[in-house]
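Participant: Encoded as structure tokens, here's the structure I'll be asking about.
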Amino acid sequence: MTWQELELACKGCMECELGETRKNLVFGVGNPEAEVLFIGEGPGEREDELGEPFVGRSGKLLDQYLAAVELSRKTNIYIANMVKCRPPGNRDPKPGEQDLCMRWLREQVRLMRPKILVCLGRISAQRIIRADFRVTQEHGRFYEANGILRMGTFHPAALLRNPRQKPDALEDFLALQAKIREICERTYI
Ligand code: URA
């Protein structure tokens, strides 16, 4: 399956009831050939309207951190979410919805074969790294599984709520930059 075929199939997904209330499915944004994949939780209202991840206020903050380490959603990374459709009224996605939707993220990872996964926030990190992952204690560290390094950092929306964590988040992005320089070949050229 090609990336385009996967995106098309995903955009037609009606596996759970979120398909009935979404305006747009949010498949992801960026370069599908990137070596670094960022993984958020799921689309909010603005993302649902525009069909792109992290386009609200937290997305602007994310873009600033990315720019600080010469990463951009337009060129050298990909950004996706665990859950592709917005739960109505900003409720959390139900465990069953998450389980069903992970199939798409798994296919994205299989096709991209990224070297590094960056989990934005607890929900993503607890799925992708370890069920009891603690962002405040373990952010910025790299964990290897199945040949892919995984790192968890603060969700940008959490940084907006709690700006005191911003310096720690910048450290994480700097650690990411160093790791990319160490193991990636195409991200910084
Ligand atoms: N929060 C997320 O986790 N993902 C988005 O796409 C937007 C906000």
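Any read-out appearing in this document is the output of simple, stated calculations on the displayed coordinates, not a laboratory observation. All values derive from a computational prediction rather than experimental measurement. Cβ placement follows ideal geometry from the backbone for every residue including glycine, while neighbour counts extend to all protein chains displayed.
Participant: In square nanometres and to one decimal, what's the mean projected area of the convex hull around the Cα atoms of segment 42-189?
Facilitator: Directional mean of the projected Cα hull area for segment 42-189 stands at 8.7 nm².
Participant: Something else about it: Which residue, chosen from Phe54, Cys10, Asn24, occupies the Cα position most advanced towards the positive end of the dipole of segment 1-139, where the dipole is computed from +1 (Lys, Arg) and -1 (Asp, Glu) charges on Cβ about the Cα centre?
Facilitator: Phe54
Participant: If you don't mind, there's one more thing I want to ask. Give me the compactness ratio for segment 1-60, meaning the Cα radius of gyration over 2.2 N^0.38 Å. Write out the running numbers ahead of the final one.
Facilitator: On the way: Rg = 12.2 Å, N = 60, 2.2 N^0.38 = 10.4 Å.
Working it through for segment 1-60, the quotient is 1.17.
Participant: Something else now. Counting only DSSP beta bridges with both residues in the chain, what percent are antiparallel, rounded to the nearest 5?
Facilitator: About 30 percent, rounded to the nearest 5.
Participant: Which shape class applies to segment 1-122: rounded if a/c is under 1.5, otherwise prolate when a/b exceeds b/c and oblate if not, where a ≥ b ≥ c are the square roots of the Cα gyration tensor eigenvalues?
Facilitator: Cα axes put segment 1-122 in the oblate bin.
Participant: Connecting C-alpha atoms closer than 10 Å in a GNM of the chain, tell me which of Asn162, Asn81, Asn31 has the biggest fluctuation.
Facilitator: Judging by the Gaussian network model, the answer is Asn162.
Participant: Antiparallel DSSP bridges in segment 77-166: what percent, to the nearest 5? Walk me through the numbers on the way to the answer.
Facilitator: Numbers: 4 of 9 bridges.
So the antiparallel bridges amount to about 45 percent of the total.
Participant: Ok, one more. Can you say what percent of the DSSP beta bridges in segment 113-160, counting only those with both residues inside, are antiparallel? Round to 5.
Facilitator: Antiparallel bridges make up about 45 percent of those DSSP assigns within segment 113-160.
Participant: Mind checking segment 124-164 for trypsin sites (Lys or Arg not before Pro) that DSSP puts in a loop (not H, G, I, E or B) and that have at most 15 other Cβ atoms within 10 Å?
Facilitator: Arg130, Arg134, Arg141
Participant: Mean-square fluctuation check for the chain, GNM, Cα pairs under 10 Å: which of Cys16, Cys101, Cys119 is largest?
Facilitator: Comparing Cys16, Cys101, Cys119 in a Gaussian network model of the chain, the most mobile one is Cys16.
Participant: Quick one: dipole size for segment 83-189, taken about the Cα centre, charges +1 on Lys/Arg Cβ and -1 on Asp/Glu Cβ, in debye to the nearest 20.
Facilitator: Working: 21 positive and 12 negative charges, 53 e Å.
Roughly 260 debye for segment 83-189.
Participant: Rank the residues Val29, Val69, Val118 as a footprinting-exposure proxy: fewest other Cβ atoms within 10 Å of their Cβ go first. Before the final figure, lay out each step's value.
Facilitator: Working: Val29 21, Val69 16, Val118 26.
Placing the least packed residue first, the sequence is Val69, Val29, Val118.
Participant: Now for a different question. Under the definition of Cα pairs under 8 Å and six or more residues apart, what whole-number percent is the relative contact order of the chain?
Facilitator: The normalised contact order for the chain reaches 24 percent.
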